[in-house]
Amino acid sequence: FFAGPGIQSGVLYKNMTQIIDILPTLIDFGGGEIPDYLGGYSLKPYLEGEDDKGNHPGYITSQYHSASGNTGSFMVRKDNYKYIQFGHYLTSTNKTLYHPQLF
């Protein structure tokens, strides 16, 4: 949730975003310059009701790694599609246990 001057209260934004977009957004609202090496995109244009001018790529990515997991997982989402790929295939009796998934 974001609140502040220039941001309408109670508006639901359906744009595809990810958690790494928060820091660039905060820097942008604070008037700072977003470093080139920083991942993510500022959501300030969305929150102020402007067009994003094509700055956001229109897809999101995610990774999941766990100390108790036996493989990492990676996700790409665009529109209504989500693709999940696991870090490697674990095999048991020559059968792949973790197949890529497309939703």
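Restricting L23, L12 to residues that are under 24 Å from V76 (Cα atoms) and modelled with pLDDT under 90 narrows the list to L12. Each residue in segment 18-51 was checked for being open to solvent by 60 Å² or more (accessible area, probe 1.4 Å) and either part of a loop (DSSP other than H, G, I, E, B) or acidic (D, E) (or both), and 10 pass. The set of residues in segment 67-83 that are out of contact with any Pro (no Cβ under 8 Å at 6 or more places or on another chain) and of a type in the set (F, W, Y) comprises F74, Y81.
How about segment 5-48: which of its residues are of a type in the set (D, E, K, R) and under 25 Å from N80 (Cα atoms)? Hits for segment 5-48 are K14, D21, K44.
The values are calculated or read from the model by the stated rules, or taken from the named source; none is laboratory data. Computed from a predicted structure; not experimentally measured. Note: ideal-geometry Cβ built from the backbone for every residue, glycine included; neighbour counts use all protein chains shown. Accessible surface areas use protein heavy atoms only, side chains included; no ligands, DNA or RNA. Shrake-Rupley method; radii C 1.70, N 1.55, O 1.52, S 1.80 Å.
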